[in-house]
Amino acid sequence: MRPIKAVAMATIKEGIRDKVFLNLLVFGSLLVLASILIGELSIGQREKFMKDIGLASISLIGALTAILLSTGSIRRELERRTIYSMLYRPIRRWKYLLGKYLGVCAVVGLDVLLMSAVFAGVLLLRGYSFHLGLLKAILLTYIGLALIASVGILFSLLASSTLSVLFTGAI
């Protein structure tokens, strides 16, 4: 269990330091905040429109984060040759891959959590409710993003970096 945790923690640190993650997080938060302005354009259905835009933003930015982190994580380690020092230790490959997957899922979960907090704040500031149905939708979105991350890791093992991004994005 310790090797899996070590790989997962290293992946989390690498993912949080990644500029792509930070840029997508800022862009996603701005999209959620823009739902206020876009909601003003709709007549009579501001709340529904704001919730739709917020959930779509969380889903879209989360998918981009999952695709880019999962497909680039192992490939980057292969290019930097840091994977060889990791696999030189007595760690099985499945433990390494599971640690990578759990690390990517944790970073994607952090992304979803932070954007959901911005989304809830926007809704509450406008006087709308943030109810259990929205939490269920966000949880199901996260489960879908975890599935995308697993497919991304699979394709990163089988294809080049560009092809794995394209294949994962097509799914």
statement: Note on the range 66-171: contact order normalised by length, alpha-carbon pairs under 8 Å, 6 or more apart, percent, works out to 49 percent
message: If you average the alpha carbon positions of the range 128-171 and of the range 13-91, how far apart do those two centres end up, in angstrom?
response: 10 Å
message: If you take every residue apart from Y96 with its C-beta less than 11 Å away from the C-beta of Y96, what net charge results, scoring Lys and Arg +1 and Asp and Glu -1?
response: +4
Whole-number D in µm² s⁻¹ for the range 2-170, Kirkwood Cα-pair radius fed into Stokes-Einstein, 10 °C, 1.306 mPa s: 94 µm²/s
task: Distance check, please: which entries in K19/K100; K5/K51; K19/K95 exceed 30 angstrom between their Cα atoms?
output: K5/K51
- line: Going residue by residue through the range 33-38, the Karplus relation 6.51 cos²θ - 1.76 cosθ + 1.60 with θ = phi - 60° gives ³J(HN,Hα) values, rounded to whole Hz and with x marking Gly or Pro, of 5, 5, 5, 5, 5, 5
- request: State, as an integer percentage, the relative contact order of the range 1-58 based on alpha-carbon contacts under 8 Å between residues 6 or more apart.
  value: 27 percent
task: Taking a cut-off of 18 Å between Cα atoms, list the aspartates and glutamates near K48, but don't count ones fewer than 8 places away on the same chain.
output: E40
Charge tally in the Cβ shell below 13 Å around M1, where Lys, Arg are +1 and Asp, Glu are -1, M1 excluded: +4
message: Sort 102-115, 37-50, 63-76 by the packing proxy (mean of other Cβ within 10 Å over each peptide's residues), most packed first.
response: 63-76, 102-115, 37-50
message: For a Förster distance of 25 Å, can you work out the FRET efficiency between the beta-carbons of L41 and F130, rounded to the nearest 0.05?
response: 0.70
field: Nitroxide proxy distance, nm - points 7 Å out along Cα→Cβ at A106 and A137
entry: 3.0 nm
Most to least packed among 156-166, 140-150, 126-136 [average Cβ atoms within 10 Å]: 140-150, 156-166, 126-136
- line: Rounded to the nearest 500, the 222 nm mean residue ellipticity computed for the chain from DSSP H runs (n ≥ 4, each -39500 (n - 2.57)) alone is -30500 deg cm²/dmol
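Values in this text are rule-based calculations from the coordinates and carry no lab data. All values reported here derive from a predicted model rather than from experimental measurement. FYI the Cβ positions are ideal-geometry reconstructions off the backbone, even for glycines, and counts take in every protein chain you see.
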